[in-house]
Structure formats: structure tokens, C-alpha cells
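J.: First, the structure itself, so that you have it in front of you.
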Amino acid sequence: MRDRQAFQDARRAREFEAFVAGAAGRLLHAATLLTAEAPDANPRARRLLTLALAHTYACWDGLRGEDPYDRARQHLALRFANSVWHQYGSPLSRARPHPDSALAVLTPQERLIVVLRLYEGVAEEQTAALLGLPTDRVHTVCDRATATLLHPPRKAAPPVMGAKVAPS
């Protein structure tokens, strides 16, 4: 009995290690996009990834044909949403996005929907179901975020030295 259990544990560990070797890079990139951190300095994204992989490992035996990548991505998105949207005092919610990140101009909700829809290719209906939002809301947020990324808000022009300001 012990030999059988040890064999199953070893098989489970090998399968999970193979999954992590293949999926961790893409999941880390998705987490980095969500947190809008710099790719080379992303402690919040790494924490999100670690929590998602730990959750996936914990339910590994119960997947029964389900794609472990989908489960890990789902947990990653939900963990991000809970930490940011509900402001539970998590370090994930207190940090500001990296100013050089292309997604820094978006709100956390917009980043989450853009990453799921455009980077991960999750269908609108699946994204809506995952986040508990109406499909129309997901569509609207994704469109607005995409427009913001394509046409970023203009920065205020620096004041011209020596220019006189008209009295008001």
C-alpha cells in the first residue's frame, strides 16, 4: 500500500513539474501584465503565480481531464481580482503599476479583462462567467481599454519658459 502511494505521489510530482516547466513562463507573463510591473522586477506577479500554482497542485488529482493551465489561469485571475477589487489590504492592491508598462494606464479591471480576452484568448462569455460580470460589461470594458491603449491620453505639455500667462 505504501509503495503504491509513493508511486502515485512521484507520478503526480513528475506530471506537475512537467506542467510547470511548460506553462510557468506564460502564466508569469500574464501575471506581470495584470500587475503592470516591469518584467525584470515583478514580485507581485511572482506571488500571484506561486499562489496559482500552489492551488493547481493542491487540486491536481481532482482535475480529471480538465486542462491544468485553465485552472491555474482561472485561479490567477480570481486571486488578482479579489486582491485588487475588494481591497482586502493585500500588498497586491497597494502597489502602483510600473509607469513604463503599456498597461499602466488601465484600471485593474480593464487590465484583467484585456489580459484574459486579448493575451490569453478567453472567450467573452467565459471571461464574464469567471468574473461574475454580464457579457455586455466585459465587451464594453474590453473595447474601452483597447481604445485607451490604441489612443493613450495625452500628457500635459510642459510650460514654455518665458511665456506670459494671460490674467483671468
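J.: Count the net charge of all other residues whose Cβ sits under 13 Å from the Cβ of Arg137, scoring Lys and Arg as +1 and Asp and Glu as -1.
T.: Neighbourhood net charge equals -3.
J.: Additional query: Long-range amide H contacts for Ala38: which residues qualify at under 5 Å (H placed 1.01 Å from N, peptide plane, sequence gap of 5 or more or a different chain)?
T.: It is His98, by chain and number.
J.: State the percentage of accessible surface on region 106-147 attributable to carbon and sulfur atoms; use a 1.4 Å probe and exclude ligands, DNA and RNA.
T.: 54
J.: Once the piece of chain linking Thr107 and Cys59 is laid out straight, how much longer is it, given 0.36 nm per residue of separation minus the C-alpha distance between them?
T.: So the extension gain works out to 14.2 nm.
J.: When the chain is fully extended, how far beyond the present Cα-Cα distance does Arg26 get from Glu125, taking 0.36 nm per residue of separation?
T.: Computed gain between Arg26 and Glu125 is 33.4 nm.
The values are calculated or read from the model by the stated rules, or taken from the named source; none is laboratory data. It should be emphasised that the depicted structure is a prediction, and the values quoted were computed from it without experimental measurement. Please note: Cβ atoms are built from the backbone with ideal geometry, for glycine as well, and neighbour counts cover all protein chains shown. Just the protein is used for accessible areas: all its heavy atoms, side chains included, with ligands, DNA and RNA removed. Shrake-Rupley method; radii C 1.70, N 1.55, O 1.52, S 1.80 Å.
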